[in-house]
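Participant: Starting off with a structure, shown below.
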Amino acid sequence: MLVRLGSRCLFFPKTKTLVTSLHFLRFLCSSELQHLQPVDPRPSLPQLEPSNDADLISQVLLQHHNPFHAMESSLQLHGISLTPFLVHQTLLRLKHSSKIALSFFQYSQFHPSYSLDSTTFNLLIDILCKVHQFDVAWQLIIQMDQKCIKPNFTTFYLLIRRLISAGLTRQAIRAFSEMHIFMDEESEEQVWKSYFCYLLDTLCKYGYVKVATEVFNKEKWRLELNCKIYTILIYGWCKVKNIDMARRFLGEMLEKGIDPNVVSYNVLLNGICRRASLHPEGRFEKVIREAEKLFDDMTERGVEPDVTSYSVLLHVYSRAHKPELLLDKLRIMRRKGICPNIVTYSSVIKCLCSCGRIEDAELLLELMVSNGVTPTSATYNCFFKEYKGRKDVDGALRLYEKMRQGSLCPPNVSTYNILLGMLLKLGRIGLARDIWEDMKASGAGPDLDSYTLLVHGFCEKQKWKTACEFFMEMIEKGYLPHKVTFETLYRGLIQSNMLRTWRRLKKRLDEESITFGSEFENYHLKPYRR
């Protein structure tokens, strides 16, 4: 594939191209609550797929795109024929570089061989909202409307979810209320009936259950109350450790003649088991008694516990570091004909690893695979965390190489971050740099946590020049460092009598902020009040 860089033509070789986290609560959010949603198609974006051309374009932009201007994009990508698939896959590869993604988008919208579609806008909106560029996201939605590319629910779901995750619940609710204006085929009443569960669920997932309850009480007159809505609210109150309120909503549900299903009980069971302290020993026994009582209530109402019900209970044993009780419960579960899933096995493996029984965890992993359950990167991260605790670099690298060579699932960004943290802590700087390059080449990262780890790690080793380099790279990629990262770097440079270095760094930061601003000069919207 021919790529024009400036006035030169270069040939680049074609490159090879938990479910979620082990956190069981995340599993309940993403898996168990999925079928609580309305029957409408769930909002979704394209997934990363192999594409040599997308790999090539993203590599060119990431390596040579400075100072991130659309004009430079047109010079670098001159002569390339863009297709929807190529644009989508390139944006997915630029998800950690918001400014480069925006420049590529600006270039693509004037490309003669490509017509913008809603998926392209949605991908960019998600990338920008991830770094809190909500004003630009709104301008893109307006631009979609002007170009007669109708925003769909996915467009607004991405915006609303990121607003809520940033704590801007008022703006998220306003965006939801105004959504029908852009979605011409939907009336305001239809929007509230069809998509309210999504708003409620997202508020609860991010811990804003009080806001969710207020919106529910205000708008329930226009809703068809059902098991889905009540289960989401039960989940929200469980998440903030208010089990009494969760039980109240279960009671209200029963009073209205709405029968709870297995998911409703699983959510409450999860709240009882996950949110309680298990120490001292008496508290663990109390939690188990409450969980068993809820099991009995389920059975009395004709609701049979499923694999998730048992997985929640297993997780209590895992938290209490009781591997024998855990394995015994797993055997009982299998005898009842309930097949463990990835979350069940992961809870047991996590417990075994944290108790130092890594050999038993490996045997269970083999059993898991033989039973047709495919491990995820999150499953293997349990082993990496134990290796980190043991300071066993060799063991961690052996498993890492197996994952890289393709015999296991590939490492994810959490895997790389665990390895980076361990290697930096142990002073294995060379290996840490190798892992960093592998992560960049794989496309799994880096993310904000990756850069934070590196900056803090090099500060601890008093390698100030390297820390400053990664700090600037972090800013250039559109990541806003945590306040503690600013303070750590500043304090370290001052204590090391490197005030001049800090001044130069501050000057570059100011210059970069101007450049960053110029990227968005076409989008004149007032910023949100933080």
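The values are calculated or read from the model by the stated rules, or taken from the named source; none is laboratory data. Computed from a predicted structure; not experimentally measured. Note: ideal-geometry Cβ built from the backbone for every residue, glycine included; neighbour counts use all protein chains shown. These area figures cover heavy atoms from the full protein model, side chains too; ligands, DNA and RNA do not enter into them. Shrake-Rupley method; radii C 1.70, N 1.55, O 1.52, S 1.80 Å.
Participant: Per the 1.4 Å probe, what fraction of the accessible area of segment 273-375, in percent, lies on carbon and sulfur atoms? Please list the in-between numbers first.
Facilitator: Details: 2570 of 5050 Å².
On segment 273-375, the fraction of accessible area on carbon and sulfur atoms equals 51 percent.
Participant: Say each of GLU300 and HIS321 gets a label point 7 Å from the Cα, pointing the same way as Cα to Cβ; how far apart are those two points in nm?
Facilitator: The modelled label-to-label distance comes out at 3.7 nm.
Participant: For segment 389-443, what is the charge dipole size about the Cα centre, in debye to the nearest 20, if Lys and Arg each add +1 at the Cβ and Asp and Glu each add -1 at the Cβ?
Facilitator: 140
Participant: Follow-up question, since we're still on this one. Determine ³J(HN,Hα), in whole Hz, for all residues of segment 108-115 in sequence, where each value follows from phi through the Karplus function 6.51 cos²θ - 1.76 cosθ + 1.60 and θ = phi - 60°; x replaces Gly and Pro.
Facilitator: Working through the residues one at a time gives 5, 6, 9, 6, x, 9, 9, 10 Hz.
Participant: Now for a different question. Where the centre of each part is set by its Cα atoms, how far does segment 338-378 sit from segment 390-440, in angstrom?
Facilitator: One Cα centre to the other: 21 Å.
Participant: Tell me the label-point distance for the pair ALA441, HIS64, using the 7 Å Cα-to-Cβ offset, in nm and rounded to one decimal.
Facilitator: Computed distance between label sites ALA441 and HIS64 equals 2.1 nm.
Participant: Now a separate question. Run the 1.4 Å probe and let me know the accessible area of SER309, rounded to the nearest 10 Å².
Facilitator: Roughly 0 Å² of SER309 is accessible to a 1.4 Å probe.
Participant: According to a simple spin-label model (label point 7 Å from Cα along Cα-to-Cβ), what is the distance in nm between ASP244 and LEU480?
Facilitator: 3.7
Participant: Using the Cα centre of segment 390-445 as origin and beta-carbon charges of +1 (Lys, Arg) and -1 (Asp, Glu), tell me which of LEU408, MET439, ILE429 is placed farthest towards the positive end of the dipole.
Facilitator: Positive-end residue among those listed: ILE429.
Participant: Please label the shape of segment 278-367 as rounded, prolate or oblate, based on the square roots a ≥ b ≥ c of the eigenvalues of the alpha-carbon gyration tensor (a/c under 1.5 means rounded; beyond that, a/b larger than b/c means prolate, else oblate).
Facilitator: Details: a/c = 2.77, a/b = 1.30, b/c = 2.13.
Verdict is oblate for segment 278-367.
Participant: Same structure, new question: Place a +1 charge on the Cβ of each Lys and Arg in segment 273-375 and a -1 charge on the Cβ of each Asp and Glu, then give the dipole magnitude about the Cα centre in debye, rounded to the nearest 20. All intermediate terms of the calculation are to be shown ahead of the outcome.
Facilitator: On the way: 16 positive and 15 negative charges, 46 e Å.
For this selection, approximately 220 debye.
Participant: Right, here's the next one. Please report, as a whole percent, how much of the solvent-accessible surface of segment 390-445 comes from carbon and sulfur atoms (probe radius 1.4 Å).
Facilitator: Values: 1300 of 2730 Å².
C and S atoms contribute 48 percent here.
Participant: Between LYS465 and LEU48, what FRET efficiency follows from the Cβ-Cβ distance if R0 is 22 Å, with the result rounded to 0.05? Spell out each step's value before the answer.
Facilitator: Numbers: r = 34 Å, r/R0 = 1.56.
It comes to 0.05.
Participant: A further question follows. Distance between the C-alpha centers of segment 478-494 and segment 449-463? Whole Å please.
Facilitator: Distance between centres, Cα-based: 10 Å.
Participant: With a probe of 1.4 Å, find how much accessible area segment 273-375 has per residue, and write the answer as a whole number in Å². Show your work: numbers first, answer last.
Facilitator: Values: 5050 Å² over 103 residues.
Averaged over the residues of segment 273-375, the accessible area is 49 Å².
Participant: So how much accessible area does GLU189 have, in Å² to the nearest 10, using a 1.4 Å probe?
Facilitator: Accessible area of GLU189: about 70 Å².
Participant: Here's another thing I want to ask about it. Report, in whole Å, the centroid distance computed from the Cα atoms of segment 223-278 and segment 96-130.
Facilitator: 40
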